[in-house]
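For reference, the structure is listed below as C-alpha cells.
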Amino acid sequence: MMSTKRLVVIVGPTGSGKTDLSIGLALRFGAPIISTDSRQIYRGLPVGTAQPTAEQLAAVRHYFIASYDITEHFSCGEYEVQALALLERLFADCDTVIAVGGSGLYVKALCEGMDDLPRADEALRSRLNERLSNEGIGSLLDDLRRLDPEYYEQVDRDNPSRVLRAVEVCMQSGKPYSSFRTGTKRTRDFDIVKIGVTMPRERLYERIDRRVDMMMEAGLEEEARAVYPYKHLNALQTVGYREMFDWFDGKISRDEAVELIKRNSRRYAKRQMTWFRRDDEIKWFEPTELDAITEYIRK
C-alpha cells in the first residue's frame, strides 16, 4: 500500500535556486521545509552558507537552519536520527514535507540511511583539523592511502571533511573506513519524490560568481572574522571561510580570496552534479518550472 505521506527532496548544485523553489513549493503544498545542508545547520554563518532570508523563514516553517553552534559536532548519523524523528512529528499534521539542500550525504542519510560508523573522537578530530590547517589536505591523503587504499581510490580528494572523517575512522577503529561502508538501503514508511534543479553550466557559473559578489556585499568578511578564532573546527572547513581565513593569515590578497571562493564554488557545484547525476530517482527541472514540478509531484 502506498503511503499518504510524501517527502519531496529538492537537490542540485550550489547557486542553482533551490531555496526559492522550495519556498514556492512549500506555499503550494502547505508544507514545512527541512534543510539537508550540512553547513546551514550552524548559527553565525547566515551569509557564507546562504541560509534562507528572514522573509523566507517567516513565510514557511524551516527546520535544521541555524540550530547548532559551530563548536558542536553533528554527524550524518545524528542528522538521520533527528530528521526521521522530526518527520514523524511533522507528518502527524501534514501530508507533504519539503527537504532541500545540496549536501549529498545528508540527502542519503534522510532517504536511505547511513552506515554505522564509530562516533567521532573529539580529541582526535581536533588534532586532524589542526594538521589540515597547518599541513594541508595532502598530509591526510597520505595517511588515507596507507590506512585504506581502497577508499583512497574513491574519495573526493578536494573534500577535506570527507578525507578527514575517513582517516579519523581508520585511526579510531584500527579498521579501514571502507569496511564500514555496507551500502545497505533502509526502507522509509513515507513516499519520496526527488526533484533535481539544473541549468546550463555557463548560466550556473555566472550565478555562482554573482552570488559570491553579493555575499561580500552582505558582510561575508565580517562574518568570517567573527568565527576566525574557530577556524580549525570542522564546521568551517568549507568554501567561503577557508579562503577568507587564508586572506586574514596574509597568505593571499582580498581579491585572490574572492576569486578563489568563486572558483572553488564552481568546482563544488561540479562535484555536487556528479554525485546527484548518479541517482536515477531524481527528475530534473529548471528552477523556474514551478508549475511543471508541482504537477509532477501531484502525480
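Okay, here's what the table says:
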| item | result |
| --- | --- |
| Listing of strands (runs of 3 or more DSSP E) fully contained in segment 1-104 that carry 1 or more residues being more than 22 Å from I192 (Cβ to Cβ), touching a residue at least 12 places away in the same chain (Cβ under 8 Å) and out of contact with any helix residue (DSSP H, G or I) (no Cβ under 8 Å at 6 or more places or on another chain) | none |
| Unmet requirement for R165, which otherwise passes all of (1) basic (K, R); (2) assigned by TED's automatic domain parsing to the domain that holds Y241; (3) within 21 Å of the chain's Cα centre (by Cα) | (2) |
| Failed item, numbered, when S133 is tested on (1) assigned to a helix (DSSP H, G or I); (2) assigned by TED's automatic domain parsing to the domain that holds G196; (3) polar (S, T, N, Q) | (2) |
| The lone exception for V60 - which of (1) at pLDDT 95 or above; (2) under 17 Å from the mean Cα position of the chain (by Cα); (3) more than 20 Å from K231 (Cβ to Cβ); (4) surrounded by fewer than 19 Cβ atoms within 10 Å (Cβ to Cβ) it fails | (2) |
| Single residue of segment 1-21 satisfying the filter (of a type in the set (K, R) and under 15 Å from I293 (Cα atoms)) that is surrounded by the most Cβ atoms within 10 Å (Cβ to Cβ) | K18 |
| Some residue of segment 111-130 being in contact with a strand residue (DSSP E or B) (Cβ under 6 Å, 6 or more places away or on another chain), hydrophobic (A, V, I, L, M, F, W, C) and surrounded by 14 or more Cβ atoms within 10 Å (Cβ to Cβ) | yes |
| Which listed residue, of K262, K299, K283, K251, is surrounded by 15 or more Cβ atoms within 10 Å (Cβ to Cβ) and among the charged types (D, E, K, R) | K262 |
| Test for C111: is it in contact (Cβ under 8 Å) with a residue 12 or more places away in the chain and under 19 Å from N159 (Cβ atoms) | no |
| Residue match in segment 179-188 (condition: touching a residue at least 12 places away in the same chain (Cβ under 8 Å), in contact with a Phe, Trp or Tyr (Cβ under 7 Å, 6 or more places away or on another chain) and not in a loop (DSSP other than H, G, I, E, B)) | no |
| Qualifying residue in segment 166-174 (condition: charged (D, E, K, R), assigned to a helix (DSSP H, G or I) and in contact (Cβ under 8 Å) with a residue 12 or more places away in the chain) | yes |
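The values are calculated or read from the model by the stated rules, or taken from the named source; none is laboratory data. Bear in mind the structure is a predicted one, so any value in this text is a computation, not a measurement. When we count neighbours, we look across all protein chains shown, and the Cβ atoms used for this are built from the backbone with ideal geometry, even at glycine.
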